[in-house]
Amino acid sequence: MAYKNLLIEVENSICKVTINRQEKLNALTSEIIRELHDALFEASKMNDVRVIILTGAGSKAFVAGADIAEFSDFNSSEGAAFSAEGHKLLFNFIENLNKPVIAAVNGFALGGGLELAMSCHVRVASNNAKMGLPEVSLGVIPGYGGTQRLAQLVGKGKAFEMILSGDFINADDAFRYNLVNYVVAPEDLMKKCEEIAGKMISKSSTALASAIKAVNASYKNGVNGFDVEIIEFGRLFETEDFKEGTTAFLEKRKPDFKGQPTLTATA
């Protein structure tokens, strides 16, 4: 499928999705959100894709926020609907995808850009990255999960400070606050993401999907994460990957996993 705002590359079981809107610092629009949803949904169905890397074109920005002109004249109901649609189509969608998504944060990740990175399962930042949620400067708050995911990652106190001040933090501080997993030089960013992806690729895709589901469960209202873990743990005993993994271990060889995760995402 061809995309107006995205570049897609599949190689070595990795699907690289690049937001290609450099002239606007890769700022999100409704069109880009829909394209990202479609691209990620397609990747989730592809047998030759085991890990997805998401990044922005160029060296200046991962995603420098949302396109403000698109919603500057909304009323309250339109604003709420705009937020809800973004949650469903992209941010919650990525968080619950059946394949790992790694954010390669190259440069600015602000507002919706930081929210996009936080919805990914792993984040790697270039050492020139700047991150923040400056929405209060516009008289609004983060609307794509930022108030929730930032607190989960950095803690309530730091999340309050960042959201209420609107200040940016650098990559080293983001690492110190557990907002990103690694900080590397810009020229090493994709290499580091591919290194992490390589470790995941060698594992069972069905087990990775269950692990994502179990970890996410503890952050969902009314869901007992321990119960979900028990269910997923038991379910995997009847998969071909479990049989292959345990047999390979007993035979002292590397496993050759063939299984594909159950498709939970919907278009």
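The values are calculated or read from the model by the stated rules, or taken from the named source; none is laboratory data. Only a predicted model underlies this, so the values are computations on that prediction, with no experimental measurement involved. Cβ coordinates were reconstructed from backbone atoms using ideal geometry, including for glycine residues, and neighbour counts include every protein chain displayed. Remember, those area values only see protein heavy atoms, side chains included, never the ligands or the DNA or RNA. Shrake-Rupley method; radii C 1.70, N 1.55, O 1.52, S 1.80 Å.
Quick notes on this structure:
- Residue match in the range 7-28 (condition: assigned to a helix (DSSP H, G or I), in contact with a strand residue (DSSP E or B) (Cβ under 7 Å, 6 or more places away or on another chain) and either within 30 Å of SER202 (Cα to Cα) or not aromatic (Phe, Trp, Tyr) (or both)): no
- In the range 239-259, of all residues being among the acidic types (Asp, Glu) and open to solvent by 90 Å² or more (accessible area, probe 1.4 Å), the one that is farthest from ARG149 (Cα to Cα) corresponds to GLU251.
- Scope the range 219-238; condition under 30 Å from THR147 (Cβ atoms) and open to solvent by less than 100 Å² (accessible area, probe 1.4 Å); matching residues: LYS220, GLY222, VAL223, ASN224, GLY225, ASP227, VAL228, GLU232
- Some residue of the range 87-101 being assigned to a loop (DSSP other than H, G, I, E, B), on the phi > 0 side of the Ramachandran plot and of a type outside the set (Phe, Trp, Tyr): no
- Matching residues, the range 32-89, being open to solvent by 40 Å² or more (accessible area, probe 1.4 Å) and polar (S, T, N, Q): ASN47, SER59, SER72, ASN75, SER76, SER77
- Listed by first and then second residue, the pairs with beta-carbon distance under 7 Å, at least 6 apart or on different chains, first residue in the range 122-139 and free of Cβ contacts under 8 Å to residues at least 40 places away in the same chain, second surrounded by fewer than 24 Cβ atoms within 10 Å (Cβ to Cβ) and charged (D, E, K, R), are GLY132/ASP167.
- For the range 208-247, a residue qualifies if it is at pLDDT below 95 and among the aliphatic types (A, V, I, L, M), and exactly one does: VAL223.
- Flag if PHE41 is part of a helix (DSSP H, G or I), over 13 Å from LYS16 (Cα atoms) and of a type in the set (Phe, Trp, Tyr): yes
- Residue satisfying all of: in the range 149-180; touching a residue at least 24 places away in the same chain (Cβ under 8 Å) and open to solvent by 70 Å² or more (accessible area, probe 1.4 Å); farthest from ALA117 (Cα to Cα) among these: LEU164
- Check on VAL183, surrounded by fewer than 17 Cβ atoms within 10 Å (Cβ to Cβ) and either outside any loop (DSSP other than H, G, I, E, B) or modelled with pLDDT of 95 or more (or both): no
- Per this entry, SER137 is counted among residues that are open to solvent by 60 Å² or more (accessible area, probe 1.4 Å), within 25 Å of PHE71 (Cβ to Cβ) and not hydrophobic (A, V, I, L, M, F, W, C).
- Considering each residue of the range 189-202 in turn, none proves to be within 20 Å of the chain's Cα centre (by Cα), closer than 24 Å to LEU153 by Cβ and part of a loop (DSSP other than H, G, I, E, B).
- Residues located in the range 1-31, provided they are open to solvent by less than 30 Å² (accessible area, probe 1.4 Å) and over 17 Å from ALA103 (Cα atoms): ASN5, THR29
- In the range 203-231, the residue that is farthest from PRO100 (Cα to Cα) out of those that are in contact with a Gly (Cβ under 9 Å, 6 or more places away or on another chain) and assigned to a helix (DSSP H, G or I) is ALA217.
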